[in-house]
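Below: one structure, written as structure tokens.
The values are calculated or read from the model by the stated rules, or taken from the named source; none is laboratory data. Predicted model, so just to flag it, every value in this text is computed and none were measured. Note: ideal-geometry Cβ built from the backbone for every residue, glycine included; neighbour counts use all protein chains shown. Only protein heavy atoms, including side chains, enter the accessible area calculation; ligands, DNA and RNA are left aside. Shrake-Rupley method; radii C 1.70, N 1.55, O 1.52, S 1.80 Å.
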Amino acid sequence: AVLINITPIFAAGAVLMTTDVLLLFFWAAALYCAFRELEKSSAKGAKSPAWWYAAGAVIGVGFLCKYTIVLLLPCILLYLIFSKDDRIWLKRKEPYIAALISLVIVTPVIYWNISHGQVTIKHTMGQVHAGDGGITLSGPLEFIASQFGIITPFFFAAIVYGIWSCAKAGFKDGAAGRGRRLAFFASAPVFAFFVAATFRGKVHANSAIASYVAAYPALAAAFESLYERRVDRRG
């Protein structure tokens with residue numbers, strides 16, 4: 001919480017009203033719901049769908065605020081695919097019903113776009129240069145440099161370490177690494193998506209801001225583990 005509040009982009013978001021503020025809230029809430037479901041079903045052996053449905057509803061409402069939250073759906077899907085302990089959910093109907101709940105909630109937006117020439121969808125696709133031709137190699141470097149500006153070079157380097165560390169520990173620790181794996185899949189793929197978009201053209205610095213929602217807890221977890229290892233060696 002302290003790290004987030006002393007990061008420039010989040011400090012600015014505390015006083016400026018933008019769609020990113022709502023995006024971050026609903027992204028975090030949806031991740032919380034998904035994690036609660038995974039933790040609960042693992043601890044009790046039950047497969048209650050309540051938190052799945054809550055996650056679907058939160059993502060749907062978040063979409064009404066900013067379309068970027070739709071990227072959380074493939075992030076959760078990737079998590080399930082690569083998580084041996086939770087892969088069973090791919091064979092159950094509950095996650096798919098949750099996605100359907102999201103779709104029902106965003107139906108007004110879809111209908112409005114169909115009735116108005118897909119204007120906001122085209123605008124959003126233009127932000128990531130979908131369908132544009134040509135490749136620019138300077139785009140990724142400019143985008144990374146822009147991240148230095150909104151979160152500082154120190155935090156960016158620490159987050160890269162945190163995500164790498166959580167991925168390494170998360171895949172090694174099995175069920176115990178569930179939180180670290182989820183942090184990885186809810187951050188790294190999102191950031192990679194926008195970096196890939198920069199090869200087509202300029203992408204705004206705040207475009208990948210949702211990836212930091214899980215990246216900061218990953219950073220904290222990584223440095224906590226690093227501290228514990230140092231204490232163990234000294235002890």
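Inspect all residues belonging to region 228-235 and state whether any of them is of a type in the set (D, E, K, R), over 23 Å from residue 172 (Cα atoms) and out of contact with any Pro (no Cβ under 7 Å at 6 or more places or on another chain).
Quick first cut of region 228-235, residues of a type in the set (D, E, K, R) only: 228-230, 232-234.
Now drop any that are not over 23 Å from residue 172 (Cα atoms), which leaves 234.
If we keep only those that are out of contact with any Pro (no Cβ under 7 Å at 6 or more places or on another chain) as well, we get 234.
Yes: one or more hits.
Taking region 176-235, which residues are hydroxyl-bearing (Ser, Thr, Tyr) and under 9 Å from the mean Cα position of the chain (by Cα)? I'd like the intermediate steps shown before the answer.
The first filter runs over region 176-235 and keeps only residues hydroxyl-bearing (Ser, Thr, Tyr), leaving 187, 198, 207, 211-212, 216, 225, 227.
Scanning region 176-235 gives 187, 211, 212.
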Residue under question is residue 25, and the condition is that it be open to solvent by 70 Å² or more (accessible area, probe 1.4 Å) and under 20 Å from the mean Cα position of the chain (by Cα); does it hold?
yes
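Taking the condition within 19 Å of residue 1 (Cα to Cα), out of contact with any strand residue (DSSP E or B) (no Cβ under 9 Å at 6 or more places or on another chain) and among the acidic types (Asp, Glu), does residue 224 pass? Reasoning before the result, please.
Working: within 19 Å of residue 1 (Cα to Cα): yes; out of contact with any strand residue (DSSP E or B) (no Cβ under 9 Å at 6 or more places or on another chain): yes; among the acidic types (Asp, Glu): yes.
So residue 224 passes the test.
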Do the conditions hold for residue 69, that is, is it in a helix (DSSP H, G or I), surrounded by fewer than 21 Cβ atoms within 10 Å (Cβ to Cβ) and of a type outside the set (Ser, Thr, Tyr)?
no
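Going through 45, 13 one at a time, which residue ends up being in contact with a helix residue (DSSP H, G or I) (Cβ under 6 Å, 6 or more places away or on another chain), modelled with pLDDT under 90 and surrounded by fewer than 22 Cβ atoms within 10 Å (Cβ to Cβ)? Give the steps one after another, and end with the answer.
Working: 45 fails: in contact with a helix residue (DSSP H, G or I) (Cβ under 6 Å, 6 or more places away or on another chain).
13 is the lone residue from the list that is in contact with a helix residue (DSSP H, G or I) (Cβ under 6 Å, 6 or more places away or on another chain), modelled with pLDDT under 90 and surrounded by fewer than 22 Cβ atoms within 10 Å (Cβ to Cβ).
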Six or more apart or on different chains, Cβ atoms under 9 Å: show the pairs whose first residue is in region 222-235 and in contact (Cβ under 8 Å) with a residue 40 or more places away in the chain and closer than 16 Å to residue 161 by Cα and whose second is open to solvent by 90 Å² or more (accessible area, probe 1.4 Å) and in a helix (DSSP H, G or I).
222/164
Given (1) over 29 Å from residue 19 (Cβ atoms); (2) modelled with pLDDT under 85; (3) more than 20 Å from the chain's Cα centre (by Cα); (4) not hydrophobic (A, V, I, L, M, F, W, C), index of the condition residue 133 fails:
(1)
Test: residue 143 is open to solvent by less than 70 Å² (accessible area, probe 1.4 Å), modelled with pLDDT of 90 or more and in a helix (DSSP H, G or I)
yes
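Could you list, in sequence order, all residues of region 157-176 that are in a helix (DSSP H, G or I) and open to solvent by 30 Å² or more (accessible area, probe 1.4 Å)?
Taking region 157-176 and keeping what is in a helix (DSSP H, G or I), we get 157-172, 174-176.
157, 160, 161, 164, 168, 171, 172, 175, 176 - these are the residues of region 157-176 that are in a helix (DSSP H, G or I) and open to solvent by 30 Å² or more (accessible area, probe 1.4 Å).
Considering only residues of region 177-235 that are of a type in the set (Phe, Trp, Tyr), part of a helix (DSSP H, G or I) and over 19 Å from residue 24 (Cβ atoms), which is least open to solvent (accessible area, probe 1.4 Å)? Steps first, please.
First, the residues of region 177-235 that are of a type in the set (Phe, Trp, Tyr): 184-185, 191, 193-194, 199, 212, 216, 223, 227.
Those left that are additionally part of a helix (DSSP H, G or I): 184-185, 191, 193-194, 212, 216, 223, 227.
In the following step, the residues that additionally are over 19 Å from residue 24 (Cβ atoms) were identified as 223, 227.
Numbers: 223: 90, 227: 152 Å².
The extreme case among them is 223.
Among the residues of region 83-98, how many are open to solvent by less than 40 Å² (accessible area, probe 1.4 Å) and either of a type outside the set (S, T, N, Q) or over 22 Å from residue 168 (Cα atoms) (or both)?
Quick first cut of region 83-98, residues open to solvent by less than 40 Å² (accessible area, probe 1.4 Å) only: 83, 86, 89, 94-95, 98.
Still in the list and also either of a type outside the set (S, T, N, Q) or over 22 Å from residue 168 (Cα atoms) (or both): 86, 89, 94-95, 98.
The total comes to 5.
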